[in-house]
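K.L.:
Once you've had a glance at the structure underneath, I'll fire off some questions.
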Amino acid sequence: MALVFGNEKDGISEEAMPYLDGNFIIPQHGMTQSLNISVACAVTLFEALRQRDKIGAYDQVFDSNNPSHAAMIEHYSETHFNYIPDRSE
């Protein structure tokens, strides 16, 4: 899943529109009818986490002996930590 956010002035780019399956709205009360982009992202990610937690998506315990778990950690490490320079010298 990918969440795409557009700014208040221009919204989502025309290039991105064909790839989108739907949209969502963050309900608001009061005089303000928009959130700044960082707040909108934070609210959205928190709600996604809350919903996934509610259905038990985070209940799985990591097992280093499970090949799929080990592969997942290996992939994550390779894709996220290769940029860290070696400072041992």
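The values are calculated or read from the model by the stated rules, or taken from the named source; none is laboratory data. Owing to the predicted nature of the structure, the values given are computational and were not obtained by experimental measurement. Cβ atoms come from the backbone with ideal geometry, glycine included; neighbour counts cover every protein chain shown.
K.L.:
Exactly one condition in (1) over 21 Å from the mean Cα position of the chain (by Cα); (2) in a helix (DSSP H, G or I); (3) β-branched (Val, Ile, Thr) is not met by residue 32; state its number.
P.N.:
(2) is the only condition that residue 32 fails.
K.L.:
Collect the residues in segment 17-29 that are surrounded by 10 or more Cβ atoms within 10 Å (Cβ to Cβ) and part of a loop (DSSP other than H, G, I, E, B), keeping them in residue-number order.
P.N.:
Of everything in segment 17-29, those that are surrounded by 10 or more Cβ atoms within 10 Å (Cβ to Cβ) and part of a loop (DSSP other than H, G, I, E, B) turn out to be 20, 26, 28.
K.L.:
Does segment 40-50 contain at least one residue that is more than 17 Å from the chain's Cα centre (by Cα) and either modelled with pLDDT under 80 or surrounded by 10 or more Cβ atoms within 10 Å (Cβ to Cβ) (or both)?
P.N.:
No, segment 40-50 has no match at all.
K.L.:
So which residues in segment 7-28 are of a type in the set (A, V, I, L, M, F, W, C) and within 18 Å of residue 39 (Cβ to Cβ)?
P.N.:
12, 24, 25, 26, listed by residue number.
K.L.:
Checking residue 61 against (1) surrounded by 10 or more Cβ atoms within 10 Å (Cβ to Cβ); (2) assigned to a loop (DSSP other than H, G, I, E, B); (3) modelled with pLDDT under 85: exactly one of these is not met. Which one?
P.N.:
(1)
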